[in-house]
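What follows is a single structure, written as structure tokens, with notes after it.
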Amino acid sequence: MLTLRPSLLVAVPVLLSACASGPPFIDQMEATAIDMAVRRGQFEMNCPSATGQLISSETIQPPVRPFIMIPERAEYTVGVTGCGKRNSYVVSCPDNGSNSCFAGASRDDSMQ
């Protein structure tokens, strides 16, 4: 029984810390992604009062490449409206510890 106790002292804290890791990456980056899309929309539409709304979000799995580590990423579609205009943006946030995102044009520019 003495050999089991030291391993329990190590295993229990490790298991408990896994449960307390916080919300998933996609939830953590949602506000940053919306903010990024809104700032791009405000600039492109010349409308400082434009606001954003989350349309969709998903986690994108990286392609499997031998010997290359490609991070998982969260991808959001954000609608931005203001000054009688609207547009949508696809925002990509890689899970690489940088907390940075990129707001690209929408896949379908027919919303303007």
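The values are calculated or read from the model by the stated rules, or taken from the named source; none is laboratory data. Nothing here was measured: the structure is a model prediction, and the numbers come from that model. Ideal geometry is used to build each Cβ from the backbone, glycine not excepted, and the neighbour counts take in all protein chains shown. Accessible surface is based on the protein model in full, side chains and every heavy atom, while ligands, DNA and RNA are left aside. Shrake-Rupley method; radii C 1.70, N 1.55, O 1.52, S 1.80 Å.
Counting only helices (runs of 4 or more DSSP H) that sit wholly inside the stretch 1-108, those with at least 3 residues that are at pLDDT below 90 are 4-19. Condition check for residue 94 on (1) crowded, with 18+ Cβ neighbours inside 10 Å; (2) farther than 13 Å from residue 39 by Cα; (3) touching a helix residue (DSSP H, G or I) at 6+ places or on another chain (Cβ under 8 Å): one failure, at (3).
Scanning the stretch 45-78 for residues that are in contact (Cβ under 8 Å) with a residue 40 or more places away in the chain and over 15 Å from residue 102 (Cα atoms) returns a single hit, 45. Taken together, the residues in the stretch 57-86 that are under 18 Å from residue 26 (Cβ atoms), of a type in the set (D, E, K, R) and open to solvent by 30 Å² or more (accessible area, probe 1.4 Å) amount to 3.
Looking across the stretch 39-57, the residues that are among the small types (Gly, Ala, Ser) and touching a Cys at 6+ places or on another chain (Cβ under 8 Å) come down to 41, 49, 50.
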